[in-house]
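Worksheet: the structure to be examined is printed underneath.
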Amino acid sequence: MSEDRRLDVLRAIVEDYVATREPVGSRALTERHDLGVSPATIRNDMAALEEAGLIVAPHTSAGRVPTDKGYRTFVDRLSDVRALSQAERRAIASLLTGAVDLDDVVDRAVRLIAQLTHQVAVVQYPSLRRSALRHVELVGVGERHLLVVIITATGRVEQRTLELADPVDHEAVARLRLRLNVAAAGLRLADLDQVREDLVEQVGGDDPALVRTVLTLIAETLSQESEERVVVAGTANLARSARADFAHSISPVLEALEEQVVLLKLLAEMAEDETAVSVRIGRENRYEPLVETSIVSSGYGDGAAVARVGALGPLRQDYPGTIAVVRSVARYLTRILAG
């Protein structure tokens with residue numbers, strides 16, 4: 001029972017500190033929260049929480065603030081994520097469903113997360129490696145060139161050109177395009193590698209070598225990681241809270257946000273978490289410039305997640321609200337891209 005009560009005290013400290021930016025004392029907890037115990041008991045609970053490393057006294061203040069470990073315990077104990085308001089749900093639905101292409105979807109999503117969370121928003125473009133094929137277009141260009149247009153299920157479009165040994169047979173290319181899309185639509189890179197020779201037999205017709213060349217080109221395109229990137233918005237939100245929430249300069253944080261490799265690596269690590277929404281707090285990020293930040297992210301995509309969206313902000317943040325926004329945007333993106 002005392003353990004549950006101490007967790008209630010921790011929850012109250014986190015909520016008050018997030019709301020006020022001021023260290024929280026036992027008197028404030030007594031006045032603002034119905035914890036059902038005396039102020040003396042609350043002081044004892046706070047002493048136990050401090051001994052456990054969940055809260056700490058900043059400088060000589062009589063109040064306490066949560067530590068990284070305290071925030072982690074708070075997040076892990078969240079029984080309910082704050083429900084989005086009707087206005088927030090309408091904003092997400094109306095803004096995202098009005099997008100015209102993948103670039104527009106990503107741009108709208110990153111601006112929406114930044115607006116709703118008041119933090120830095122990060123949206124990763126869908127991974128080619130994990131995306132399924134939606135359509136392959138083959139177009140004869142000139143006498144001996146074939147344009148291969150690869151469209152994934154997430155809306156990414158990649159173009160490659162093949163130089164042919166013989167002149168383009170447009171009727172043969174049209175037949176190949178039809179057969180290839182019937183046989184290969186919905187396949188991912190791993191599937192394509194496994195069934196490549198079967199596809200050659202199914203759709204090769206009189207020119208299996210051309211089919212094999214096209215399939216190899218598609219596989220090479222889908223395997224490329226160098227084109228993966230993230231879009232960031234809302235860095236001004238971070239700057240506004242710099243004085244209150246960061247002990248040192250936020251310049252290293254801003255520089256880290258400009259490093260695509262850092263963000264992609266971080267999102268990849270978070271994708272390994274076996275949770276719908278992953279939260280990395282403080283030093284859990286394992287990247288020194290980000291140790292005073294927390295990151296909330298969720299995967300999106302049809303079937304297995306093909307990319308992630310997230311929000312990055314100071315340790316002192318509205319975790320339930322941020323989790324709700326990130327989760328909802330990821331779900332909408334999944335629905336839109338699958339549509």
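Over the chain, dividing the summed -39,500 (n - 2.57) contributions of all DSSP H runs of at least 4 residues by the number of residues returns a 222 nm mean residue ellipticity of -15500 deg cm²/dmol.
Shape index of the stretch 80-178: Rg/Rh, with Rg the Cα radius of gyration and Rh the Kirkwood radius from the inverse mean 1/r over Cα pairs, equals 1.21.
Summing charges over neighbours of ARG177, with a neighbour being any other residue whose Cβ is under 14 Å away from its Cβ, gives -1 when K and R count +1 and D and E count -1. Rounded to the nearest 20 debye, the dipole magnitude of the chain is 1220 debye, with +1 charges on Lys and Arg beta carbons, -1 on Asp and Glu beta carbons, and the Cα centre as origin. Relative contact order, whole percent, for the chain stands at 19, derived from Cα pairs under 8 Å and 6 or more residues apart. Go from 0 up to the bin containing the longest alpha carbon distance in the stretch 141-219, width 10 Å each, and give me the % of pairs per bin. Histogram of Cα-Cα distances, whole percents per bin: 17, 56, 26, 2. Here the stretch 193-339 is treated with +1 on each Lys and Arg Cβ and -1 on each Asp and Glu Cβ, and its dipole about the Cα centre works out to around 980 debye.
Stretching the chain fully between ASP107 and ARG32 yields a gain of 22.9 nm (0.36 nm per residue, less the alpha carbon separation). Each 10 Å bin from zero up to the one holding the largest Cα-Cα distance in the chain carries the following percent of pairs: 5, 22, 24, 19, 13, 8, 5, 3, 0.
The alpha-carbon positions of the stretch 1-155 define a convex hull whose volume is 187 Å³ per residue. Farthest toward the positive end of the dipole of the stretch 124-251, out of ILE151, ALA242, VAL136, is the Cα of ALA242, where the dipole comes from beta carbon charges about the Cα centre.
Accessible surface area normalised per residue over the stretch 234-339 is 45 Å², counting heavy atoms of protein chains with a 1.4 Å rolling probe.
Across the stretch 15-21, coupling constants 3J(HN,Hα) worked out from phi with the 6.51/-1.76/1.60 Karplus curve, θ = phi - 60°, read 4, 5, 5, 4, 6, 10, 6 Hz, and Gly and Pro carry x. Relative to the compact-globule estimate of 2.2 N^0.38 Å, the Cα radius of gyration of the stretch 230-329 comes out at 1.03. Counting protein heavy atoms only, the stretch 167-313 has 49 percent of its accessible area on carbon and sulfur, 1.4 angstrom probe. Derived from the Cα gyration tensor, the three semi-axes of the equivalent ellipsoid of the stretch 49-106 are 40, 14, 12 Å, largest first. Considering only VAL203, GLY313, ALA19, the residue lying farthest towards the positive end of the dipole of the chain is ALA19, judged by Cα position with unit charges set on Cβ.
Within the shell defined by Cβ-Cβ distances under 10 Å, the residues around ASP166 carry a net charge of -2, with Lys and Arg each +1 and Asp and Glu each -1.
The values are calculated or read from the model by the stated rules, or taken from the named source; none is laboratory data. Being a predicted model, the structure only gives us computed values, none of them experimental. Counting neighbours? That spans all protein chains shown, and the Cβs are built from the backbone with ideal geometry, glycine included. When the accessible area is computed, the model is the full protein with side chains, heavy atoms only, and any ligands, DNA or RNA have been set aside. Shrake-Rupley method; radii C 1.70, N 1.55, O 1.52, S 1.80 Å.
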